[in-house]
Amino acid sequence: MLNSDKKNQRTAIAHLWTQGIYNAMEIHRWTNAPLSTIYDNLKKLKTKGTMDHAKGNGRPKKITKRAAQALGQYIHKNPSISTRTMVNKLEKTGVKVSHSTISRHLADAGYTNSLPQKTPMLTVKHKLARVKWAEKHLEDNWNRTFFTDETAFQLFRNTLKYWYKGSRPVRRIPKDRTKLKAWGGFWVKGKSSLYCFKGIMNAEFYVNIIKKHLPEQQDNDSKHTSRLATAFIKKNVPVLLDWPSNSPDINPIENLWSVVKQNVEKRMPKDLSELERYMIEEWNKIPNSFLANLVGSMRRRCELLIEKDGEHISY
């Protein structure tokens, strides 16, 4: 018995037709194809002499080739143009489409609408320093490095996207969104505890923190390079790793902060007490395997810095 998949069914039906077998039941016995399929294809053979699909089936596209070219030109001239503005521009040329039709067309054409990626403003001096640093530390054993940093967690943070049907979800956000700052550090096998605080971290406060967690890495922030901090580190830290300024993309703790902040936001803290509790809980939940992956990325970060001549790297 002949294979019964659709492609082979059509081939078998066409072959039997050329052999003079026109009866649907007889073809069914030979092919085991559904009778509906056989009748449909026999009808095509009788009326058109072929089983090929007619060209031009389906609804014609609303956005013509000319309109598509116009859309590309609109975006080239003004990358921030809205789909509704494009609707009005096309309408003036005689093409009437909805903004959702334009959105689908642009998505099919490979366009993405999003905010530009934020990167630090790097001077020539910054870039040269970054490349020099990467070349110096390319072969380092990063498993011995303790990465540290401070950051701020915002109450009522609103960066997560949600799926929804109908009306867009509404979240009430106060005008004054309080922040809580935190300091933390990690290495390949674990993390420090998370220090939460308000106000400004000065040199004295910074020293009190590193008395408990001796970091092997710091950036060129003034509080980190103050006489008080420098004297303490020189006396107590066996190896201090230099760090290029204006380079958060090199420090893997930035990736760690991003994950913790997202997880805290998902829990939607209602006040500073909940915010602090969630910060500590989510920090403690980060598995060591994730930390090891971050540390393992350092060589590749150095390689990318060299390849890109000190420009911002995507990490």
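What follows is calculated from the coordinates using simple rules that are stated; it is not laboratory data. What you see is a predicted model; the values in this text were computed from it and never measured. Cβ sites come from the backbone with ideal geometry, for glycine too, and all protein chains shown count toward neighbours.
Checking the cross-link pairs LYS6/LYS46; LYS132/LYS181; LYS198/LYS285; LYS175/LYS270 against a 26 Å limit on the alpha carbon distance flags LYS132/LYS181 as lying beyond it. Here the gap between ASN288 and TYR74, fully extended at 0.36 nm per residue and compared with their Cα-Cα distance, gives a gain of 72.2 nm. Straight-line reach from LYS89: taking Cα to Cα under 17 Å and skipping same-chain neighbours fewer than 8 places apart, the lysines in range are LYS62, LYS65, LYS77. If R0 is taken as 51 Å, the Cβ-Cβ distance between ASN263 and THR47 corresponds to a FRET efficiency of 0.20. Between the stretch 95-135 and the stretch 179-207, how far is it from one alpha carbon centroid to the other, in angstrom? What the calculation gives is 32 Å, centre to centre. Measuring r between the beta carbons of GLU139 and ASN208 and using R0 = 22 Å, the FRET efficiency lands at 0.05.
In plain terms, the chain from ASN23 to ARG66 could stretch by 10.6 nm, reckoned as 0.36 nm per residue minus the Cα-Cα distance. Each Lys and Arg Cβ is given +1 and each Asp and Glu Cβ -1; about its Cα centre, the stretch 65-108 then shows a dipole of about 120 debye. Using the Karplus relation 6.51 cos²θ - 1.76 cosθ + 1.60 with θ = phi - 60°, the per-residue 3J(HN,Hα) values for the stretch 278-290 come to 5, 4, 5, 5, 5, 4, 5, 6, 4, x, 4, 4, 5 Hz, with x marking Gly and Pro. Each Cα pair under 8 Å and six or more residues apart adds its sequence gap; the mean of these over the residue count of the chain is a relative contact order of 17 percent.
Given axes a ≥ b ≥ c from the Cα gyration tensor, I'd like to know whether the stretch 65-108 is rounded (a/c under 1.5), prolate (a/b larger than b/c) or oblate. Because its axes are fairly even, with a/c under 1.5, the stretch 65-108 counts as rounded. Ordering 270-278, 178-186 by mean Cβ neighbour count within 10 Å, with the highest value first, yields 178-186, 270-278. Share of pairwise Cα-Cα distances greater than 14 Å in the stretch 95-180 is 84 percent (whole percent). At full extension, SER297 and ARG277 could sit 4.2 nm farther apart than now, given 0.36 nm per residue minus the alpha carbon distance. DSSP assigns beta bridges within the chain; of those with both partners inside it, close to 95 percent run antiparallel. Under a Gaussian network description of the chain, with springs only between Cα atoms under 10 Å, the residue in TRP30, TRP257, TRP142 that fluctuates furthest is TRP30. Within the listed set GLY20, GLY110, GLY199, the residue fluctuating most in the Gaussian network model of the chain (springs between alpha-carbon atoms under 10 angstrom) is GLY20. Equivalent-ellipsoid semi-axes for the chain (Cα gyration tensor, √(5λ), whole Å, largest first): 62, 27, 23. Could you check which residue among ASP242, ASP108, ASP40 shows the biggest mean-square fluctuation in a GNM of the chain with a 10 Å Cα cutoff? Top of the fluctuation ranking is ASP40. Projecting label points 7 angstrom from Cα along Cα→Cβ for THR159 and SER82 puts them 2.6 nm apart.
For GLY185, the residues 5 or more places off, or on other chains, whose built amide H falls under 5 Å of its own are SER192.
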